[in-house]
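Some notes on the structure that comes next.
The values are calculated or read from the model by the stated rules, or taken from the named source; none is laboratory data. Because the structure is predicted, anything quoted here is derived from the model rather than measured. Backbone-built Cβ (ideal geometry, glycine too); neighbour counts: all protein chains shown. Surface accessibility is based on the protein's heavy atoms, side chains included, excluding ligands, DNA and RNA. Shrake-Rupley method; radii C 1.70, N 1.55, O 1.52, S 1.80 Å.
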Amino acid sequence: MTKVMTGARMVVQALKDQGVEVVFGYPGGAVLPIYDEIFQQNDIRHILVRHEQGAVHAAEGYARSTGKPGVVLVTSGPGATNAVTGITDALMDSIPLVVLTGQVPTFLIGNDAFQEADTVGITRPCTKHNWLVKETSKLAETIHQAFHVATQGRPGPVLIDIPKDVQFATGTYVPPAKARTDHYRPRVKGDRAAIERLAELMETAERPIFYTGGGVINSGTEASRLLRELVAATDFPITSTLMGLGAYPGSGKNWLGMLGMHGLYEANLAMHGCDLMIAVGARFDDRITGRVTDFSPHSIKAHIDIDPSSINKVIHADIPIVGDVTEVLRELLEVWKARGAKSNRAALPKWWAKIDGWRKVNCLNYRNSDKVIKPQYALQRLEALTRGRDRYITTEVGQHQMWAAQFLTFDDPNRWMTSGGLGTMGYGLPASIGVQIAHPEALVINVAGEASWLMNMQEMGTAMQFRAPVKQFILNNERLGMVRQWQQLLHGERYSHSWSESLPDFVKLAEAFGCKGILCSDPKDLDDAIMEMLDYDGPVIFDCLVEKHENCFPMIPSGKPHNEMLLGDASTEGAISGAGGALV
Amino acid sequence: MQALNIKKGASSHSAYDLRTPYEDVIETHTLAVLVDNESGVLARVIGLFSGRGYNIESLTVAEVDHRGHLSRITIVTRGTPQVIEQIKAQLERMVPVHEVHDLTVEGPAVQRELALFKVAGTGDHRVEALRLADIFRANVVDSTLESFVFEITGTAEKIDAFAELMRPLGLKEMARTGVAALARGA
């Protein structure tokens, strides 16, 4: 059965056929025909954002909390360029997105027409792939291909630029089953011989460690289940990147905590001292490795990744395994069990004893106060008061993000949405809305800093309009905290433009948006204030006034290896002294 | 564990390790990349090289399979073995890329480049230019009383050598196509 329809209707039909339920977008001249079609149907829900960057971050939050691709619809020119930051963010964190942009009519392309921008040119380096569709007959097939490319292999954002005349013209609709997608087929099954070699090494390893990343989350919940089974079967310690939190439960007994620049002491020292590193869906980012030449110098490294370009990019892999994490872990578990599940029982207890020694350092220790709220304390209380609830956390970028990663516990995948690779301030609020749209009944909290939060605060309007009861938990230190920390440690305490002047009154701001505002500045009031936030049926802006000059520790300073990390002053009394005291 | 010994006011510190981690031998490789002949595909490949800081020494591109809409891009690039491996992996994961062949490591290959040289001169210089062109098996494709245009085909080294010889004999302009290459054998 062939169906002839307009390009605009094709867009909506193709989205329906791809199982899309929600689109985040903002209308404009070049997408009016598509918006007209959206108006005339009820299957796809459209969430009107307040800025196109917000649409992309919301779609990212939706995608990361559901495992499904996020869909964005924006207009040409400024609509597309405003989306670029979000698209780049999704590329860096491997989030599947399908971004549809309007374009001026084909006969005006290249004319500097009103709201014209070279969208495919601008987004070429920040998408996994993009298309300019010049004929209506190719539109439906291109959309199906776009979903295929966005979700297969290493996920990422794709963009389809659709000129207005292509939306008006008619053509024959191509259903998903008829669309040609055979050309893009990334390898998912790992090399059997390499997997067997790895299993063999796992049996003799004296100081093994799992180092997992966002690839485990992206591979689906089955990957997390297999990872847990494998950790239990081997009794190896496990650490994870910022992106991978929740794949292995934060309350699990083999969990060492996050690693990296602000990772836990025990995690980083275990990485440095291990003799077998099993990297699973992680990419050896510079925030993870520290000084590359001294990175885990005595270990054999196995690297499981679906993207061949991740392997040997930064760190040489002795056992590279290209494949989907789920497939490879399943096969590794099979091989492991078939060989008798023999961990090195003589050596492992010694390794764990060493790790327990590092754990005793209690690296997240900080000096609490009964006069001012310490940001770490605020997060500990948030953790304690939300424990046991199905809780989704998003963050902005900076100190609060690292503290959230350190002090909140994630026991399940897809519950932690943060901008890791690009480090996009302004990510958390729109992302929290996307999460809440996908999970209307869940508790969704954006742990924010006041400076980041202001970058996309217009999206509170979106939260109000669509009754998304997102909780904005702002750790307000009236500073760009991480910038200030770096200036203190590395730029002679010259605090160049790193404080937040002329901040709004967040409680009044909340009232202006029509939601609830809560101000808390006394540690004694904190629990009640948090409970008030949790009990309120609607969006809340929580202005938590915290210690202004708290630094985020542990920390691997610039160009240092894992074993030269710095701890906070509460646990490094004496290590920082004299002239170096101001610098840490 | 030690405290950082950073001088107060030091400004040369960064969140990144700014030293080059791998200082290694630089190799030259010829890559043949088979791509879908779609709009923007060349920009995609070039953008990959410029965006990630790779070198392009020479680049040629043309459609080689009209019915299959396939183009062949031949790239000569330089880098450490690790960088060359990255370039190939980055090319291979691009959606419109079908195949990537490293002709430098996949066995012997034929490499050829075509060039046009305009040489102007009279008297001895003109005679010498023509004589050398004959030695290099260059063809005269245009001639006036004061100038020749030579067409020459060969390896990049041969064309470099011919250019050096023509320079003192009145070389005015030159146009080179860049390297095209095929693996030897069936």
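Using only alpha carbons, build the gyration tensor for segment A:52-106 and give me the equivalent ellipsoid semi-axes, biggest first, whole Å.
Values: eigenvalues 83, 23, 15 Å².
Over the Cα atoms of segment A:52-106, the ellipsoid semi-axes are 20, 11, 9 Å.
Here the mean projected area of the convex hull built on the C-alpha positions of segment A:90-129 is 3.2 nm².
Computed from the C-beta positions of residue A:204 and residue B:92, the FRET efficiency with R₀ = 30 Å rounds to 0.35. Annotation: amide H of residue A:46 within the under-5 Å range of A:23, sequence separation 5 or more or interchain, hydrogens built in the peptide plane. Remark: segment B:27-102 carries a charge dipole of roughly 160 debye about the Cα centre, counting +1 on each Lys and Arg Cβ and -1 on each Asp and Glu Cβ.
In a fully extended conformation the segment linking residue A:316 and residue A:531 would gain 72.5 nm over its present Cα-Cα distance, using 0.36 nm per residue. For segment B:115-186, the list of GluC sites (Glu not before Pro) that fall in a loop by DSSP and count at most 16 other C-beta atoms within 10 angstrom reads B:146. For segment B:27-102, the direction-averaged projected area of the alpha-carbon convex hull comes to 4.4 nm². Taking all protein chains as shown and a probe of 1.4 angstrom, residue A:366 keeps an accessible surface of around 30 Å². Rounded to a whole number of µm²/s, how large is the Stokes-Einstein D of segment A:425-488 at 10 °C and 1.306 mPa s, given Rh as the Kirkwood radius over C-alpha pairs? Value of D from the Cα-based Kirkwood radius: 129 µm²/s.
The average projected area of segment A:261-412, computed from the convex hull of its Cα atoms over all directions, is 12.0 nm². Computed from the C-beta positions of residue B:146 and residue B:65, the FRET efficiency with R₀ = 45 Å rounds to 0.55. Computed from backbone phi, the HN-Hα couplings of segment B:84-96 come to 4, 5, 4, 4, 5, 5, 5, 5, 5, 8, 6, 4, x Hz, rounded to whole numbers (Karplus: 6.51 cos²θ - 1.76 cosθ + 1.60, θ = phi - 60°; Gly and Pro given as x). Residue A:261: net charge of surrounding residues, Cβ under 9 Å, Lys/Arg +1, Asp/Glu -1, itself excluded? Within the 9 Å Cβ shell, the charges total 0. For the A and B pair, go ahead and give the buried accessible area with a 1.4 Å probe, both sides summed, in Å² to 100. Summing both chains' loss of accessible area gives about 3100 Å². Using a cut-off of 18 Å between Cα atoms, the listed pairs A:134/A:178; A:253/A:354; A:253/A:560; A:68/A:128; A:68/A:138 include A:134/A:178; A:253/A:560; A:68/A:138 as exceeding that distance. Estimated at 0.36 nm per residue, the fully extended path between residue B:164 and residue B:78 surpasses their Cα-Cα distance by 28.7 nm. Backbone N atoms of segment A:450-476 closer than 14 Å to the 7 Å Cα→Cβ label point of residue A:512 belong to residues A:454-461.
Normalised per residue, the accessible area of the protein assembly as shown is 41 Å², obtained with a 1.4 Å probe and no contribution from ligands, DNA or RNA. Of all DSSP bridge pairs formed entirely within the protein assembly as shown, close to 45 percent run antiparallel. Across all Cα atoms of segment B:109-183, the radius of gyration (one decimal) and Dmax (whole number) stand at 12.3, 44 Å. Think of the protein assembly as shown as having a plus end and a minus end, set by charges on the Cβ of Lys, Arg, Asp and Glu; of A:364, B:33, A:177, A:364 sits farthest toward the positive end of this dipole.
Tell me, Kirkwood radius of segment A:221-331 from alpha-carbon pair distances, in Å? It would help to have the intermediate numbers written out before the result.
On the way: mean 1/r = 0.0707 Å⁻¹.
Averaging 1/r across every pair of different Cα atoms and inverting gives 14.2 Å.
How high is the FRET efficiency from residue A:181 to residue A:286, r the C-beta distance, R0 30 Å, rounded to 0.05?
0.30
Here the extension length gained between residue A:232 and residue A:500 equals 91.8 nm, from 0.36 nm per residue of separation less the Cα-Cα distance. Note on residue A:478 and residue A:389: the model spin-label points, each 7 Å out from Cα along the C-beta direction, lie 3.0 nm apart. Database remark: amide H of residue A:189 closer than 5 angstrom to the amide H of A:324 (H placed geometrically; neighbours at sequence offset of 5 or more, or on other chains; Pro and chain starts carry no H). Per residue, the Cα convex hull of segment A:164-219 amounts to 156 Å³.
Dipole magnitude for segment A:450-530: about 220 debye, using +1 per Lys or Arg Cβ and -1 per Asp or Glu Cβ, origin at the Cα centre. By the gyration tensor of its Cα atoms, with a ≥ b ≥ c the square roots of the eigenvalues, what is the shape of segment A:384-440: rounded for a/c under 1.5, prolate for a/b over b/c, or oblate? It is oblate, given that a/c is not under 1.5 and a/b is not larger than b/c.
Dipole of chain A computed with +1 at Lys/Arg Cβ and -1 at Asp/Glu Cβ about the Cα centre; of A:410, A:461, A:491, farthest Cα towards the positive end is A:410.
Sparse packing (at most 12 other Cβ atoms within 10 Å of the Cβ) combined with a DSSP loop state is found for the following trypsin sites (Lys or Arg not before Pro) in segment B:64-135: B:67.
So, counting K/R as plus one and D/E as minus one, what does the shell of residues with Cβ under 14 Å around residue A:190 add up to?
Net charge in that neighbourhood comes out at -3.
Beyond 44 Å, how much of the Cα-Cα pair distribution for chain A remains, as a whole percent? Tail fraction, whole percent: 20.
Farthest towards the positive end of the charge dipole of the protein assembly as shown, among the residues A:32, A:212, A:541, is the Cα of A:212, using unit charges on the Cβ of Lys, Arg, Asp and Glu. Charge dipole (Cα centre; +1 on Lys/Arg Cβ, -1 on Asp/Glu Cβ; no other charges) of the protein assembly as shown amounts to roughly 880 debye. With all protein chains present, how much of the accessible area of the protein assembly as shown (probe radius 1.4 Å) comes from carbon and sulfur, to the nearest whole percent? After summing per-atom areas, the C and S share lands at 51 percent. Sparse packing (at most 14 other Cβ atoms within 10 Å of the Cβ) combined with a DSSP loop state is found for the following GluC sites (Glu not before Pro) in segment A:184-220: A:206.
Distant-in-sequence amide contacts of residue A:129, defined by a placed amide H-H separation under 5 Å and a gap of 5 or more residues or a different chain, comprise A:159.
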